[in-house]
Amino acid sequence: RYNRSSTTFWGTGVSGRWFGAMFVMPELILHLIAAVLAGAFAVVSIGIVACRIYFRRQRAITVKECGSAIDNDRLIAFYHPNCSAGGGGERVLWKAIQCLGEMREAGLHIRVAIYTADEPSTSYSKDVLAHANERFAIHVSPSLPITFVHIYEAKKRIATSKRLSMIAESAGTVRLAWAALVQHTPHVYIDTTGCAFTFIIAKILAGCKVGAYVHYPTISTDMLNLVWTRRPMYNNDAQVAASAIKSYAKLMYYTIFALCYGAVGSLSDLVMVNSSWTLGHIRFLWRLASRIFVVFPPCDTKSLEHLPLKGREDVIISIGQFRPEKDHQLQLRSFAEMLSQNKDLKRRRVKLVLIGSCRGDDDTSRVSELRKLAKDLDIEESVEFVLNQPYPVLKSWLGRASIGIHTMWNEHFGIGVVEMQAAGLITIAHNSGGPKADIIVPLAGGGETGYLAATVNDYANAMETTLRHGSDSKENMGIRRNGRESSKRFSDEVFAREFKEAMVASGILK
């Protein structure tokens, strides 16, 4: 017969017993979660201890191989996989190493290693040091032992991803850091590429003291605001910006990533940032970081100060690697707009020269696209590209040109902007980031040091005004002199002094 008691909600049958168990289940689930977390914590703790023991042995092997045990040297390793490139970040790297060479000459017992993703060769060390001297006019003291640790094979095994790129890239840097530190375990690990997630390996697992020179935060409040306002840009796809749902999803992704980025950044023992703009973002994100110093990047202002201020040609130059964020398209469109506004300038054969280096196939392809855009804008004959040239070529253009143009939104600092000022160019930079906060600022007495712009019309008007006044006009000569004077705040000598002071004051070398 049908047993009603077994199916009654409040009965004492199967359903009744099931309902009573419901009140017990949350407690069981909580106990289960606690047990899982405790087990995970134990496993992670054991793993960290095991890694510390392993890396302690690796450090002993590294010290023995370097011969530093005899001299009691401290091993300092720089994480900079593209150390042979020719950008501003590489100039900071080699100037920092030059400073360490001077500190060794002064009696500090240190040795340096550089983690590089370049393919090894028998002459690699000699070639890279020669390139640093040729490209940046930086000579490293021969008394400083330098070891290049190649992570080329590990780099080849890492696949790139266009989805969740920040997570994918960060995971890739963690894998590279592991490969690097397994080969060469230093006492001090310094990241100069903005790869803060490598601190997990260097600090937590390998037990190194960790330093960072931050050119640009991987994520910033400006990037979050970009997504929130749904503004399309090179790092915010137009399709995502057009969709509210995709934008909110990306905002959540960015927020979670920012929290993780802040956590790993706070592991650092020493943080150097390259501008007031970067300082503000890093202070907000890396709240628990030990010491933060503003150390403006080294700019070769001294060798540019002898370039003549008068007699400049009708040439506008741009300096920077051909990366998407540099926004060279804005330069071409602004130049085309200026010529359309003033036909006389076209008859004067004003020229735009884009100077920079290509890091690989992507950059080379980008240059091809820019050449096509120049052709489409009918300015092809007035635009010249100067690619991968040594420093003397750059210096020659700095001595000829009348105007320097910079178009990157939220440029972290802008070494190229300072170099143009020091060379005596009328400098027009983007009204954001480091150029706005630190570089294109009035002198103490109120003299203007350049122009700030943001749109095609802003740039076109600034260029047109400068050219219309004439190269040697009173207005232009005043700005040239003021810009050169202002640039002295960012000289090699100032960087060397502040870098050494930060290294000593932080205690990272002890």
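The values are calculated or read from the model by the stated rules, or taken from the named source; none is laboratory data. Computed from a predicted structure; not experimentally measured. Using ideal geometry, Cβ is built from the backbone for each residue, glycine included, and neighbour counts are taken over all protein chains shown. Quick note on the areas: whole protein, heavy atoms, side chains included, nothing else; ligands and nucleic acids left out. Shrake-Rupley method; radii C 1.70, N 1.55, O 1.52, S 1.80 Å.
For the chain, the fraction of 1.4 Å probe accessible surface lying on carbon and sulfur atoms is 57 percent. Residues in segment 328-343 carry Karplus couplings, in order, of 5, 4, 4, 5, 5, 5, 5, 5, 5, 5, 4, 5, 6, 6, 9, 5 Hz; the curve used is 6.51 cos²θ - 1.76 cosθ + 1.60 with θ = phi - 60°, and Gly or Pro positions show x. Among all the lysines, which ones have a C-alpha under 24 Å from K351's C-alpha, if same-chain residues fewer than 8 places away are not counted? Partners within reach: K310, K326, K343, K372, K375, K395, K474. Take segment 254-339, drop everything but the C-alpha atoms, weight them equally and run the Debye formula without solvent; then report log10 I(q)/I(0) at 0.23, 0.24 Å⁻¹ to two decimals. Ignoring solvent entirely, the Cα scatterers give -1.11, -1.14.
From helices alone, the chain scores -16000 deg cm²/dmol at 222 nm; the rule is -39500 (n - 2.57) for each run of n ≥ 4 DSSP H residues, then divide by the residue total.
Estimated at the nearest 10 Å², the accessible area of E27 is 110 Å² with a 1.4 Å probe.
Note on K155: aspartates and glutamates with a C-alpha under 12 Å away, same-chain residues under 8 apart excluded, are D118, E119, E169.
Between amide H atoms placed 1.01 Å from N, distances below 5 Å from A113 occur with I76, A77, F78, T147, all of them 5 or more places distant or on a separate chain. Taken as Cα centroids, segment 261-299 and segment 461-503 sit 26 Å apart, rounded to the nearest whole angstrom. Couplings 3J(HN,Hα) for segment 489-505, derived from phi with the Karplus relation 6.51 cos²θ - 1.76 cosθ + 1.60 (θ = phi - 60°), are 5, 10, 6, 4, 5, 5, 4, 4, 5, 6, 5, 5, 5, 5, 4, 6, 5 Hz, where x marks Gly and Pro. For segment 360-429 versus segment 37-55, the spacing of their alpha-carbon centroids is 51 Å. For the set K209/K500; K209/K488; K203/K436; K346/K436, the pairs lying more than 26 angstrom apart at their alpha carbons are K209/K488; K203/K436; K346/K436. Amide H contacts of V353 (H built 1.01 Å from N, in plane; Pro and chain starts excluded): I316, I317, S318, E384 sit under 5 Å, all sequence-distant by 5 or more or on other chains.
Protection proxy ranking of 454-467, 377-390, by the mean of other Cβ atoms within 10 Å over each peptide's residues and highest first, is 454-467, 377-390.
Taking a sphere under 13 Å around the Cβ of Y189 and counting the other residues whose Cβ falls inside, with K and R at +1 and D and E at -1, yields a net charge of +2.
Ranked by the mean number of other Cβ atoms within 10 Å per residue, highest first, peptides 92-103, 414-425 order as 414-425, 92-103. Magnitude of the charge dipole for segment 304-400, about its Cα centre and with charges confined to Cβ atoms of Lys, Arg (+1) and Asp, Glu (-1), is about 380 debye. Restricted to Cα atoms, the chain shows a radius of gyration and a Dmax of 27.7, 111 angstrom.
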